[in-house]
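The values are calculated or read from the model by the stated rules, or taken from the named source; none is laboratory data. None of these values were measured; they are calculated from a predicted model. Neighbour counts run over all protein chains shown; Cβ positions are idealised from the backbone, glycine included.
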Protein chains: 2
Amino acid sequence: MPWLAFVGLGLKLKDITLEALETLRNANTIFLDTYTSISPDINVSSLRRLVGKEVIPLRRRDIEDENAEKIFNELSRGRNVAFAVIGDPFIATTHVALLLEAIRRNVEVKVIHGLTIYTVAISYSGLMVYKFGRCATIVYPKEGIFYDYFYDVVKENLKLGLHTLLLLELDVDNNVFMTANDALKLMLEAEGKRKEGIISKDMKVLVIARAGFPTQKYVYGKIASLIRENFGPPPHTIIVPGKLHYIEEDALKRFLIN
Amino acid sequence: MPWLAFVGLGLKLKDITLEALETLRNANTIFLDTYTSISPDINVSSLRRLVGKEVIPLRRRDIEDENAEKIFNELSRGRNVAFAVIGDPFIATTHVALLLEAIRRNVEVKVIHGLTIYTVAISYSGLMVYKFGRCATIVYPKEGIFYDYFYDVVKENLKLGLHTLLLLELDVDNNVFMTANDALKLMLEAEGKRKEGIISKDMKVLVIARAGFPTQKYVYGKIASLIRENFGPPPHTIIVPGKLHYIEEDALKRFLIN
């Protein structure tokens, strides 16, 4: 019986694990999800060079609208399939539905985990993982609707003294890559609407640009200063710290600007 | 100037990334942290075989009590040092203090991230990462003191409909590896003391044994049933689900026992 392997690649090409590489090399057909995330150097041609065989790009509609028939067709032809994904296959992506469909169809499934922004961003910050409350994503207003869900998450976490990891909207198909500058503006805009005294220009946050990439940049400071900084290209991430332990204070000092 | 690389190895030998392997091979001296975590197959001899050079084990006291002089002595002799760690170097370990000390001493620092239980356990569960509240660790009573901190974390998360990742005490130096069975008993014991109606025998939780290992096992069911199950050797982890989305319900059904 053929197998379907969900293969997490991590954030950049050198994040690939020995297990991922072995699985890709043992697959008959390799698909690459090209729509849920971006990487400085993972793409169809770099992966093809690394693995030494053809890599077929998949877009969102190939998975969602067409019920992933491209994948299941290969399996029904008896071929072992690797579905490669930037990051981890089931952290912050929509691939769980595909996993369940494969299980429903009695396909043998393998899962190879990969490095993900969720722990990479936190790790180097020096903030303690058990002090993070739930995370949220900041998205642009759409059709006149302003989404302030993230405001409630930050508020709820701060009330408990917890840190908040904020991911920023990233939609590769539609070429949307939110910068930290835009996210900070939306944070102040949310405060302007809600007026609950949660976010202010004097609030100190950590901006993380390209976590895990060779050009990564961590900058800590007041929103008023950060909003004018140039962090370079996305992806960007923000951490709103809660109550800080003294080691966490020390860790953040490394990244402090005026 | 010599460098100090913090190298995350992931949970098992095949989780090693290309970057970690390259960094270990470029180091003059390789230390392995042998005390913060356990792995089915990462140890001094397997790492030595993989990398092709000597690997020196470090115990907790080498890092904490002796101010990591073994590491800084090598650096002062002009040698590039890799400090290898199971998992990720700064997620759930005490290595942030060492990182800050290296920065204080103007040592060039590199950080190579590794797979960690925090996202591996969540990923395959199919539960949504943005619905996890803060996590906690269940520890054994010590000198007559019962630690029920985890009870408050579960309570607080459930109130918000959030899931809770519970790590179980693991102290390699003292040979303590808590099983899920013991953890479930401590959860019921905490309820017996607190009587706030948070945890009960009928509560359904997910037990994860050896997440990310080839022998991993995910089992979902009522505490009353799980408490009698044999999950095999540690490490074990528990997830207490909050309010479930229907895709999360479907994902958990895979692991259901009566």
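Going by the structure shown, is A:Leu115 more than 21 Å from A:Pro241 (Cβ to Cβ), hydrophobic (A, V, I, L, M, F, W, C) and facing another protein chain (nearest Cβ under 10 Å)?
In short, yes.
Output yes when any residue across the range A:131-139 is crowded, with 21+ Cβ neighbours inside 10 Å, within 26 Å of A:Pro40 (Cβ to Cβ), of a type in the set (Phe, Trp, Tyr) and facing chain B (nearest Cβ under 9 Å), and no when none is.
yes
Quick check on B:Glu143: is it acidic (Asp, Glu) and either facing chain A (nearest Cβ under 7 Å) or touching a residue at least 12 places away in the same chain (Cβ under 8 Å) (or both)?
Details: acidic (Asp, Glu): yes; either facing chain A (nearest Cβ under 7 Å) or touching a residue at least 12 places away in the same chain (Cβ under 8 Å) (or both): no.
The answer is no for B:Glu143.
Return yes or no: is A:Leu166 over 19 Å from the mean Cα position of the chain (by Cα), modelled with pLDDT of 95 or more and under 23 Å from B:His113 (Cβ atoms)? Lay out the reasoning, then the answer.
Working: over 19 Å from the mean Cα position of the chain (by Cα): no; modelled with pLDDT of 95 or more: yes; under 23 Å from B:His113 (Cβ atoms): yes.
Taking the combined requirement at face value, the residue does not satisfy it.
Could you tell me whether the range B:54-66 includes any residue that is within 14 Å of chain A (Cβ to nearest Cβ), surrounded by fewer than 16 Cβ atoms within 10 Å (Cβ to Cβ) and assigned to a loop (DSSP other than H, G, I, E, B)?
Looking only at the range B:54-66, we keep the residues that are within 14 Å of chain A (Cβ to nearest Cβ), and these are B:64.
Cutting the leftovers down to surrounded by fewer than 16 Cβ atoms within 10 Å (Cβ to Cβ) gives us B:64.
Remaining after also requiring assigned to a loop (DSSP other than H, G, I, E, B): B:64.
Yes.
Return yes or no: is A:Pro214 away from every other protein chain (no Cβ under 14 Å), under 22 Å from the mean Cα position of the chain (by Cα) and closer than 22 Å to A:Asp15 by Cβ?
Numbers: away from every other protein chain (no Cβ under 14 Å): no; under 22 Å from the mean Cα position of the chain (by Cα): yes; closer than 22 Å to A:Asp15 by Cβ: yes.
No: the conditions fail for A:Pro214.
Anything in the range A:1-47 that is without any contact (Cβ under 8 Å) to a residue 24 or more places away in the chain, in a helix (DSSP H, G or I) and within 23 Å of the chain's Cα centre (by Cα)? List them, or say none.
Pass one, the range A:1-47, residues without any contact (Cβ under 8 Å) to a residue 24 or more places away in the chain: A:14, A:18, A:22, A:43-45.
Checking which are in a helix (DSSP H, G or I) leaves us with A:14, A:18, A:22, A:44-45.
Once the filter is applied, which keeps residues that are without any contact (Cβ under 8 Å) to a residue 24 or more places away in the chain, in a helix (DSSP H, G or I) and within 23 Å of the chain's Cα centre (by Cα), the range A:1-47 yields A:Lys14, A:Leu18, A:Val44, A:Ser45.
If I ask for residues that are in contact with a helix residue (DSSP H, G or I) (Cβ under 7 Å, 6 or more places away or on another chain) and part of a loop (DSSP other than H, G, I, E, B), which ones from the range B:84-104 would you list? Quick ask: steps written out before the conclusion?
Narrowing the range B:84-104 to residues in contact with a helix residue (DSSP H, G or I) (Cβ under 7 Å, 6 or more places away or on another chain): B:84-85, B:87-92, B:96-98, B:100.
Hits for the range B:84-104 are B:Asp88, B:Pro89, B:Phe90, B:Ile91, B:Ala92.
Anything in the range A:224-257 that is of a type outside the set (A, V, I, L, M) and touching a strand residue (DSSP E or B) at 6+ places or on another chain (Cβ under 7 Å)? List them, or say none. Explain how you work it out, then say what you get.
Within the range A:224-257, the subset of a type outside the set (A, V, I, L, M) is A:225, A:228-237, A:241-243, A:245-246, A:248-250, A:253-255.
Residues satisfying the conditions are A:Glu229, A:Phe231, A:Gly232, A:Pro234, A:Pro235, A:His236, A:Thr237, A:Pro241, A:Gly242, A:Phe255.
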